[in-house]
Amino acid sequence: MSKTQSAMVELGTVAPAFELVDVVSGKAVGRDDVAAGTKGLLVMFICVHCPYVQYVEQELARIGVDYEGRIGIAAISSNDILEYPQDGPESMKEQATRLGFRFPYLFDATQEVAQSYEAACTPDFFLFDGEMKLVYRGQLDDARPQRASGGGNDLPVTGKDLRKAMDEVIAGKRPDPNQRFSIGCNIKWKS
């Protein structure tokens, strides 16, 4: 496992369009479908096997419930499934079902969407306002799993940083631009 920081893409960047298949419904879902009728868009790059994601996955499911209908949410897995078959669509579907994800979980087989977002790690979070401009990229909160490389802190997972930014978007405010990068496993790029 390689500990990797998010790229901290420039604020104001427009959300790249995408259309990927939801592993649960089997339907194609696009960026605008996810954001329709909401105040913004949260795109999360996650996967099944990463201990950083496993540590926060229940909070991601709670965020899906708490912000449903207010912020459009999509989770995307872009890992190379030839080298990491545990991150394939069947395992993704099991993860989404087990956790009760209320948002689409999309498989990025070509890795083009991850590249267009400059995603670097799992989890990696990108929050856009209603104009599809990036207003937050960074950590979920300060919690890190103890079993992560380089050690962690086993703080309780609250999602406080991301939730604060989402609340500000809903209220029509700009999140504080002083943001801390996310840390996780590197995205498993195809060679």
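The values are calculated or read from the model by the stated rules, or taken from the named source; none is laboratory data. Computed from a predicted model, the values in this text were never measured in an experiment. Virtual Cβ from ideal backbone geometry, glycine too; neighbours counted across all protein chains shown.
Yes/no per residue for (1) outside any strand (DSSP E or B); (2) farther than 16 Å from residue 63 by Cβ; (3) free of Cβ contacts under 8 Å to residues at least 60 places away in the same chain:
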site	(1), (2), (3)
116	yes, yes, no
144	yes, yes, no
169	yes, no, no
175	yes, no, yes
*For the stretch 50-69, how many residues meet the condition of being surrounded by fewer than 18 Cβ atoms within 10 Å (Cβ to Cβ), assigned to a loop (DSSP other than H, G, I, E, B) and of a type outside the set (Asp, Glu)?*
1
*Scan the stretch 109-116 and give yes if some residue there is surrounded by fewer than 23 Cβ atoms within 10 Å (Cβ to Cβ) and within 14 Å of residue 23 (Cβ to Cβ), otherwise no.*
yes
*Assess whether residue 128 counts as being surrounded by 23 or more Cβ atoms within 10 Å (Cβ to Cβ) and part of a loop (DSSP other than H, G, I, E, B).*
no
*Answer with yes or no whether residue 45 is within 22 Å of residue 158 (Cα to Cα), touching a Gly at 6+ places or on another chain (Cβ under 6 Å), among the aromatic types (Phe, Trp, Tyr) and modelled with pLDDT of 95 or more.*
no
_Residue among 34, 48 that alone is closer than 20 Å to residue 19 by Cβ, in contact (Cβ under 8 Å) with a residue 40 or more places away in the chain and hydrophobic (A, V, I, L, M, F, W, C)_ = 34
*Residues of the stretch 70-98 that turn out to be small (Gly, Ala, Ser), crowded, with 20+ Cβ neighbours inside 10 Å and not in a helix (DSSP H, G or I), as a count*: 5
_Given (1) of a type outside the set (A, V, I, L, M, F, W, C); (2) within 25 Å of residue 32 (Cα to Cα); (3) surrounded by 14 or more Cβ atoms within 10 Å (Cβ to Cβ), index of the condition residue 158 fails_ = (2)
*Please list, ordered by first then second residue, the pairs with beta carbon atoms under 6 Å, 6 or more apart or interchain, first in the stretch 69-95 and more than 30 Å from residue 170 (Cα to Cα), second assigned to a helix (DSSP H, G or I) and not aliphatic (A, V, I, L, M).*
79/87; 81/87
